[in-house]
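Working notes for the structure below.
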Amino acid sequence: MNRIILHCDLDCFFAAVEIRDNPQYKGKPVIIGADPKEGKGRGVIATCNYEARKYGLHSAMPISQAYKRCPHGIYLRPNGGKYHEVSREVMEILESYSDEFQKVGTDEAYLELTGKVQDYGEAERTAKQIQEEIIEKIGITISIGIAPTKSLAKIASDENKPNGITVVTPENIPHFLKDMDITRIPGIGKKTKVYFYKKGLKKIGDIINTPLPKMMELFGKHGKWIWDVANGIDNRKVKEFHEQRKSISAERTFYTDTNNFNEILSKFEDINANIHKSIIKHQITYKTIILKIRFEGFETYTRSKTLPYHIQNEKFVLKIILELFREFSNYNKKVRLVGIKLSSLMRNDKTKQKSLLNYSLI
Ligand code: TTP
Ligand code: MG
């Protein structure tokens, strides 16, 4: 079965946060990094916004060189604590879309949606929903790549920045890759590319057309990895559930706002079934059941019920959710989004129980 993986990467992350908090900088070149000291400063750029990139500025460029190219830019020192907090908030949102979630950097993460969405079209709508939620709650933009492997999803998220969504379906892989420069493959930087260029391999298409044994003869194990990526082969998994996880949730927006109870019920059933797939797989129990509902006009409510003990029971969750939902039955507005969240999680870890048992025997 074809997998569906999302790679999400915030746009000019540090700069985006500063512009969010200082709207007067919007539309101007904004550079985060060392103090340029009117051209005499030492150190480098951490990142800059897209306006600054028009002047050729980029991450890791010496700040003195940046100042020469763009003396009228707005130069700011990084505020690590703030970015860390924003990163945490963004990751919490991303994580709510799939338990198979892997943060790979301060501003990027993978989500495995295989089995959670029906096809690439639904994955694209989910990506749009993620973008909207991050803009609404955090106030910055994110670009998303959707593809059957992690490496392709990563290449895709970089294709259409900022605020882009790029879908690479399995049929479309060669067409998507063939004309790209080989440096688009993660792992081929400015230095390594020279070795490939010398052998006449400049575009990813050149790699696709090189037989695998030849690639291995020229570049060894690295050559195999590059060839695999170029041919859409990458079986790496998206890392799964982690111990510190505080909740499992999912929410879905209706294509058109609705007040049809059957439609709402079937959405709840879908979401609940999806959540319980992970719940069962990871042997999780929960105590708190939370309903989220958003009406037309973005009016959003949550209602919750906490039980006296931990359970794992899909039907019971649906019953509670519908009870909580009943409170809104006289509400004269159409529903835009519904969500379910389970929290106060506890892992039913058999190995842990076993070791405790062993311990008591000693
Ligand atoms: P990136 O995702 O590489 O860059 P970006 O988010 O700024 O821009 P893009 O829109 O192209 O994704 O890195 C994320 C953050 O990490 C970035 O905002 C600043 C920091 N960073 C550095 O401090 N130094 C660096 O050399 C790089 C590459 C990033
Ligand atoms: Mg980024």
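None of the figures in this text is laboratory data; all of them are computed from the coordinates on show. Since we're looking at a predicted model, the values are computed, not measured. Note that each Cβ is placed from the backbone with ideal geometry, even for glycine, and that neighbours are counted across all protein chains shown.
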Inset, instruction - Work out from phi, with θ = phi - 60° and the Karplus expression 6.51 cos²θ - 1.76 cosθ + 1.60, the ³J(HN,Hα) of each residue of the range 69-80, listed in order in whole Hz, and give x for Gly and Pro. - result: 6, 9, x, 8, x, 9, 9, 10, 7, x, 10, x
Inset, instruction - Identify which of Ile321, Ile74, Ile340 has the largest mean-square fluctuation in a Gaussian network model of the chain, with springs joining Cα atoms closer than 10 Å. - result: Ile74
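Remind me, what semi-axes does the chain give for its equivalent ellipsoid, largest first in whole Å, using sqrt of 5 times each Cα gyration tensor eigenvalue?
On the way: eigenvalues 323, 156, 94 Å².
Each semi-axis is √(5λ); the values are 40, 28, 22 Å.
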Legend entry - Relative contact order for the chain, counting Cα pairs under 8 Å that sit 6 or more residues apart, in percent: 14
Legend entry - Hits among aspartates and glutamates - C-alpha to C-alpha of Lys287 under 14 Å, sequence gap 8 or more where chains match: Glu314
Inset, instruction - Rounding to the nearest 20 debye, state how big the charge dipole of the range 1-117 is about its Cα centre with +1 on each Lys and Arg Cβ and -1 on each Asp and Glu Cβ. - result: 800
Inset, instruction - Write down the percent of antiparallel bridges among all DSSP beta bridges whose residues are both part of the chain, to the nearest 5. - result: 85
Legend entry - Size of charge dipole - the chain - debye, nearest 20, with Cβ of Lys, Arg +1 and Asp, Glu -1, no other charges: 1080
Legend entry - Candidates Lys191, Lys319, Lys237: whichever shows maximal mean-square fluctuation once the chain is modelled as a Gaussian network with Cα springs under 10 Å: Lys191
Inset, instruction - Would you kindly work out the equivalent ellipsoid of the range 209-295 from its C-alpha gyration tensor and give its semi-axes, the square roots of five times the eigenvalues, largest first in whole Å? - result: 44, 20, 10
Legend entry - Span per principal axis, largest first, for the Cα atoms of the range 1-91 (Å): 55, 26, 24
Legend entry - For Asn259, distant residues with modelled amide H under 5 Å away: Val335
Legend entry - Alpha-carbon gyration tensor eigenvalues x 5, square-rooted, for the range 110-197, Å: 26, 17, 10
Inset, instruction - Would you mind telling me which residue in Leu57, Leu342, Leu111 has the biggest mean-square fluctuation in a Gaussian network model of the chain, where springs connect alpha carbons within a distance under 10 angstrom? - result: Leu57
Legend entry - Straight-distance crosslink candidates among aspartates and glutamates, where the alpha carbon sits under 12 Å from Lys267 and sequence neighbours closer than 8 are dropped: Glu251
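Where does the charge balance sit around Thr258 when Lys and Arg score +1, Asp and Glu -1, over other residues with C-beta under 10 Å from its C-beta? Write out the running numbers ahead of the final one.
On the way: positive: Lys267, Lys334, Arg336; negative: Asp257, Glu263, Glu296.
Counting the neighbours of Thr258, the net charge comes to 0.
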Legend entry - Under the Karplus curve 6.51 cos²θ - 1.76 cosθ + 1.60, θ = phi - 60°, whole-Hz ³J(HN,Hα) for the range 17-22, x wherever Gly or Pro sits: 5, 5, 5, 4, 7, 9
Legend entry - Between the range 31-51 and the range 118-180, the Cα center-to-center distance that results, in Å: 30
Legend entry - Whichever lysines have a C-alpha closer than 26 Å to that of Lys191, once near sequence neighbours (fewer than 8 apart) are set aside: Lys54, Lys68, Lys150, Lys154, Lys161, Lys178, Lys199, Lys202, Lys203, Lys214, Lys221, Lys224
